[in-house]
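Right, one structure below, let's go through it.
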Amino acid sequence: MVIEGGPGTGKSVMAVNLLVNLINQGLMTLYVSKNSAPRDVYASKLKGTIRKTEIDNLFKGSGSFTESKLNEFDVIIVDEAHRLNEKSGFYGNQGENQVKELIRASKFTLFFIDENQRVTLKDIGSKDLIIKYAQEFEAEIITGELVSQFRCDGSDAYIAWLDDVLQIRQTANNDYYGIDYDIRVFDNPHKMLKEIETLNQINNKSRMLAGYCWEWPTAERTNTLYKDIVIPEHNFEISWNLSDNIWAIDQNSVNEAGCIHTAQGLEFDYVGVIIGPDMRLENGEVITDYEKRAKTDQSLKGIKKKAKQNPSEAKRVADQIIRNTYRTLMTRGQKGCFIYCTDPNLNKYFKDRLKSNQIYDNLSPGLDMQVAEDKESY
């Protein structure tokens, strides 16, 4: 079964609830995701009344089935199926294809997927590929779609506006009008962090996020004093999330920034997104630059080799990944998304798109659409 759904349509909520219900029916069921972040969060939340080993055995990485037998499990629920890889193992040299292995390993395999959230060169998960391998096993194929938006204050219009602003696709929502969602553009990252810290005091559900444009040295990943992300013009410094805690729910991680790999598949109340130098505005166009990504980011590993073979195709693929990455980061907030761009022109572009058709002195009650700068300017 393949279930398609955009950000906030309830894919992960349904996946975890299905896990519980199917286990209660006596079916041997597993939750699978390529990304470890959601697995760690869900397992942590469920621990307490059940032994740790029993919980951990329910949550598996997508590369865990290279040696599985045919129909070894009753049900495998695959969340974030767009993140599946072809090969498995640390060196990417194990198995044949993760999609094929997941179908083979279970009597019933359920894939939740959003192809617009593929964010690395290795991401191969697609509806067509899943159907292809299902047909090889002569499996019955069921498809469905989740269309209602539950995140971003239930605003499908915000998702459409975001796609238009990031120039992923042209939509009717080219102006930020009539959207009940708290989005703000900050001129200063210090102010954005302060707002996130304030909101996080409510229920520990607000976090900072950033594009992977700053190195993340392995030797410093447990050092709270080492600041990975540095924005000199504002004397701003912040660490990437530490590797020795579950960043998304740790009580002390609000002063750390998560990246696409630690945030995808999760949601918060509010997110503050730092858009790095891999995206900027030139001549009115939002352009991307994969050479501005950090070398420690594996998302675009192999892109330079691809660029030598086929420059235009490499640029197209990298461009899609970078836009998808920011789209994913900017849809993690259930109640609001704050933005700071290292490129001043891009920051102004977001402000202009927010201000289109808006009269700030006459906002409707309940609408919170503002540019976070000196209010005296309005």
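Can you tell me the length gained on complete extension of the stretch residue 131 to residue 308, counting 0.36 nm per residue apart and subtracting the Cα distance?
Here the answer is 60.5 nm.
Would you please classify the overall shape of the stretch 163-300 from the alpha carbon gyration tensor, given that a ≥ b ≥ c denote the square roots of the eigenvalues, rounded means a/c under 1.5, and beyond that prolate means a/b larger than b/c while oblate covers the rest?
Here the stretch 163-300 falls in the oblate category.
Please give me the summed charge of the neighbours of residue 95: other residues whose Cβ is under 15 Å from its Cβ, Lys and Arg +1, Asp and Glu -1.
+2
Counting only DSSP beta bridges with both residues in the chain, tell me the antiparallel percent, nearest 5.
In the chain, approximately 15 percent of DSSP beta bridges are antiparallel ones.
Could you order peptides 194-200, 90-96 by the average number of other Cβ atoms within 10 Å of their residues, highest first?
The packing order, highest mean first, is 194-200, 90-96.
What's the local net charge at residue 134, with K and R +1, D and E -1, over the other residues with C-beta under 14 Å away?
0
Antiparallel versus total DSSP beta bridges in the stretch 211-368: what percent is that, nearest 5?
45 percent
Hey, if we sort 169, 207 by accessible area with the 1.4 Å probe, largest down, what's the order?
Output order, biggest surface exposure first: 169, 207.
Ranking request for peptides 331-337, 211-217: highest mean number of other beta-carbon atoms within 10 Å first, then the rest in descending order.
So the order, starting with the most tightly packed, is 331-337, 211-217.
For the stretch 49-151, give the percent of accessible area contributed by carbon and sulfur heavy atoms, probe 1.4 Å, rounded to a whole number.
47 percent
Rounded, prolate or oblate for the chain? Axes are the square roots of the Cα gyration tensor eigenvalues, ordered a ≥ b ≥ c, and the cut-off for rounded is a/c under 1.5.
prolate
Report the far tail of the P(r) of the stretch 244-305, meaning the percent of Cα-Cα pairs longer than 13 Å.
Result for the distance tail: 72 percent.
Most mobile of 267, 285, 138 per a Gaussian network model of the chain (Cα springs, under 10 Å)?
138
Can you give me the accessible area per residue for the stretch 244-359, using a 1.4 Å probe, in Å²?
Result: 42 Å² per residue.
Taking the alpha-carbon centroid of each part, what is the distance from the stretch 5-48 to the stretch 69-97 in angstrom?
16 Å
May I ask you to compute the full-extension gain from residue 23 to residue 94, defined as 0.36 nm times their residue separation minus their alpha-carbon distance, rounded to one decimal in nm?
Full extension from residue 23 to residue 94 adds 22.6 nm.
Quick one: angle between helix 311-329 and the longest Cα principal axis of the chain, in degrees between 0 and 90, rounded to 10, please.
80 degrees
Output the peptides 290-300, 16-26, 180-190, 73-83 sorted from most to least packed, where packing is the average of other Cβ atoms within 10 Å over each peptide's residues.
Descending mean neighbour count gives 73-83, 180-190, 290-300, 16-26.
Of the cross-linked pairs 45/205; 227/335; 69/100; 11/69; 34/335, which ones have a Cα-Cα span greater than 18 Å in the structure shown?
Pairs exceeding 18 Å: 227/335; 11/69; 34/335.
Any idea what angle helix 36-46 forms with the longest principal axis of the chain, computed on alpha-carbon atoms, 0 to 90 degrees, nearest 10?
80 degrees
Add -39500 (n - 2.57) for each DSSP H run of 4 or more in the chain, then divide by its residues: what number comes out at 222 nm, to the nearest 500 deg cm²/dmol?
-9000 deg cm²/dmol
Would you please classify the overall shape of the stretch 29-94 from the alpha carbon gyration tensor, given that a ≥ b ≥ c denote the square roots of the eigenvalues, rounded means a/c under 1.5, and beyond that prolate means a/b larger than b/c while oblate covers the rest?
Here the stretch 29-94 falls in the prolate category.
Could you tell me what a quarter of the Cα convex hull surface of the stretch 302-352 works out to, in nm² with one decimal place?
The orientation-averaged projected area of the Cα hull of the stretch 302-352 comes to 4.8 nm².
The values are calculated or read from the model by the stated rules, or taken from the named source; none is laboratory data. Fair warning: this is a prediction, and the values are worked out from it, not measured in the lab. For neighbour counting, all protein chains shown are included, and Cβ atoms are generated from backbone atoms with ideal geometry for every residue, glycine included. For accessibility, only protein heavy atoms count, side chains too; no ligands or nucleic acids. Shrake-Rupley method; radii C 1.70, N 1.55, O 1.52, S 1.80 Å.
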